[in-house]
Amino acid sequence: MNDTTKGNRLHIAIFGRRNVGKSSIINALTNQRVSIVSDKAGTTTDPVYKAMELLPLGPVMIIDTAGVDDDEGEIGLLRLKKTEQIIEKTDLAILVFNFNVDDLYYEKAWYKQLRKKKIPIIGVINKVDNINTEVDIYKYNREFQIPFIKVSALKNINIDKLKEKIIENSPVDFEMPALVGDIINKGDIILLVAPQDIQAPKGRLILPQVQTIRDLLDNDAIVITIKDSQLEYVIKQMKIKPNLVITDSQIFNKVNKLLPEDVNFTSFSILMARFKGDLETFIQGAMAIEKLKPLDKVLISESCTHHALKGDIAREKIPNWLREKVGANLQITFSSGVDFPENIREYKLIIHCGGCMFNRKQMMERICKAKSYGIPITNYGTAIAYMNGILNRATEIFNNIKKGQ
Ligand SMILES: Nc1nc2c(ncn2[C@@H]2O[C@H](COP(=O)(O)OP(=O)(O)OP(=O)(O)O)[C@@H](O)[C@H]2O)c(=O)[nH]1
Ligand SMILES: [Mg+2]
């Protein structure tokens, strides 16, 4: 990291000649009017910073810059210097090309500079809505060893694909949302329900449980961990109500019935949905269960390869619940580990595990892929909550968090 003040927030800077549509691309990516757009060359003169939540990626800093060909006169050179300084802060660069420019002098110069700093670059050929013939992508591939994507910021063509490329090419360690620390207060009493059944690994807790306990303790909560068989007793004995109950998703229904209605409650898997993925997308994805038809194809995907035991959540429980709801002939396919189908078009829904063995980037790549094909995606816990009719209750706790934090 070359700038300690920026933390882990992914800095995405956008470079290119005047008028190629840099500001328009930023507006399309963010779905907001962050930067001024006009057909006058040289509209953006100073770098424009926008800290924001780039869904489904998470918190990023997007930086718009002045045209790299705006180098005439004293002011031009000063402007260029400012743009060059941005390189120091850039984790990922978007280099925008004008398809009808043959002399790629500026692009090559910037490509070299960024390469020298080992900054990942995505080549964007904008304004494809204006092109009648196919863009000769070989022309670019010969000169630049970077991925290219053709987009139209104006017509919103391939902007989702560009987000996918951003995730694919970004460094792994960008900022992650909190696991649980931001939805609790210091001193809160948090009850964890962790069934130690046949699925539980011998002699230890599973990773989402361990991570949740650690994050709760780091945030000065009081953590009580119990088995589901003890829940009724514990609730009766407790003089004060727990501020939050976090349960294993497989016993969602049971816990829901045992808990008084005014006790907040969610699951480890729903915490993971936000931590590793995108809770909002997963909620929308779970709702797609309602629209499934009896012969539809569903993909159930898990990030680790483990031997499935009797009553396995992915291989047995979720398929049984789905078939009960939709019909016995629902086509269910499984994938595990890094092995994710190339072609996902055929699926009407993807149900993913919490991704505790994945980093956020890996999980995000899958979410973005699903989104760019328009395929709903959710995770185990979110789907189970939905099938049990308790998704609202299980996600209510997140409603109060300030957006973009
Ligand atoms: N047809 C078409 N026009 C576009 C597209 N993207 C941007 N434009 C237009 O191109 C012009 C320049 O767009 P800007 O986004 O201001 O370009 P810029 O690269 O930020 O320009 P400077 O700030 O001057 O360096 C505007 O008139 C936009 O409406 C696109 O995808 N298709
Ligand atoms: Mg601009």
Restricted to region 6-54 and to residues being more than 8 Å from ligand 1 (Cβ to nearest atom) and basic (K, R), the residue farthest from K108 (Cα to Cα) is R33
Before we move on, is M1 more than 13 Å from ligand 2 (Cβ to nearest atom) and either at pLDDT 90 or above or surrounded by fewer than 17 Cβ atoms within 10 Å (Cβ to Cβ) (or both)?
yes
If we take region 255-346, then helices (runs of 4 or more DSSP H) inside it with 2 or more residues that are in contact with an Asp or Glu (Cβ under 9 Å, 6 or more places away or on another chain) are 268-276, 318-326
Mind checking whether some residue in region 60-72 is away from ligand 2 (no atom under 13 Å from the Cβ), under 24 Å from N158 (Cα atoms) and in contact with a strand residue (DSSP E or B) (Cβ under 8 Å, 6 or more places away or on another chain)? yes
Restricting attention to region 272-308, the residues that are surrounded by fewer than 17 Cβ atoms within 10 Å (Cβ to Cβ) and either among the hydroxyl-bearing types (S, T, Y) or within 14 Å of S335 (Cβ to Cβ) (or both) number exactly 5
Residue pairs qualifying under the 9 Å Cβ cut-off, at least six apart or on distinct chains, with the first in region 67-87 being in contact (Cβ under 8 Å) with a residue 24 or more places away in the chain and the second being in a loop (DSSP other than H, G, I, E, B) and open to solvent by 70 Å² or more (accessible area, probe 1.4 Å), are G67/R18; V68/R18; D69/R18; D70/R18; R79/D46; K82/D46; I87/K117
Filtering region 45-74 down to residues that are modelled with pLDDT under 90, buried (at least 19 other Cβ atoms within 10 Å of the Cβ) and of a type in the set (V, I, T) yields V60
Listed by first then second residue, the pairs whose first member lies in region 14-38 and is open to solvent by less than 20 Å² (accessible area, probe 1.4 Å) and among the hydrophobic types (A, V, I, L, M, F, W, C), whose partner is part of a helix (DSSP H, G or I) and within 6 Å of ligand 1 (Cβ to nearest atom), with beta carbons under 8 Å and at least 6 positions apart or on separate chains, are I14/K22; F15/K22
Note on region 318-342: residues open to solvent by less than 20 Å² (accessible area, probe 1.4 Å) and touching a residue at least 40 places away in the same chain (Cβ under 8 Å) are I318, L322
TODO: Could you check, for region 96-114, whether at least one of its residues is assigned to a strand (DSSP E or B) and more than 13 Å from ligand 1 (Cβ to nearest atom)?
DONE: no
Discussion item. Checking the structure you have, find out if any residue of region 309-317 is in contact (Cβ under 8 Å) with a residue 12 or more places away in the chain and open to solvent by 80 Å² or more (accessible area, probe 1.4 Å).
Written reply: yes
Quick count over region 368-382, residues being modelled with pLDDT of 90 or more and either assigned to a helix (DSSP H, G or I) or within 14 Å of A314 (Cα to Cα) (or both), is 6
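The values are calculated or read from the model by the stated rules, or taken from the named source; none is laboratory data. What you see is a predicted model; the values in this text were computed from it and never measured. Using ideal geometry, Cβ is built from the backbone for each residue, glycine included, and neighbour counts are taken over all protein chains shown. Ligands, DNA and RNA are stripped out before the accessible areas are found, and what is left, the full protein with its side chains, is counted by its heavy atoms. Shrake-Rupley method; radii C 1.70, N 1.55, O 1.52, S 1.80 Å.
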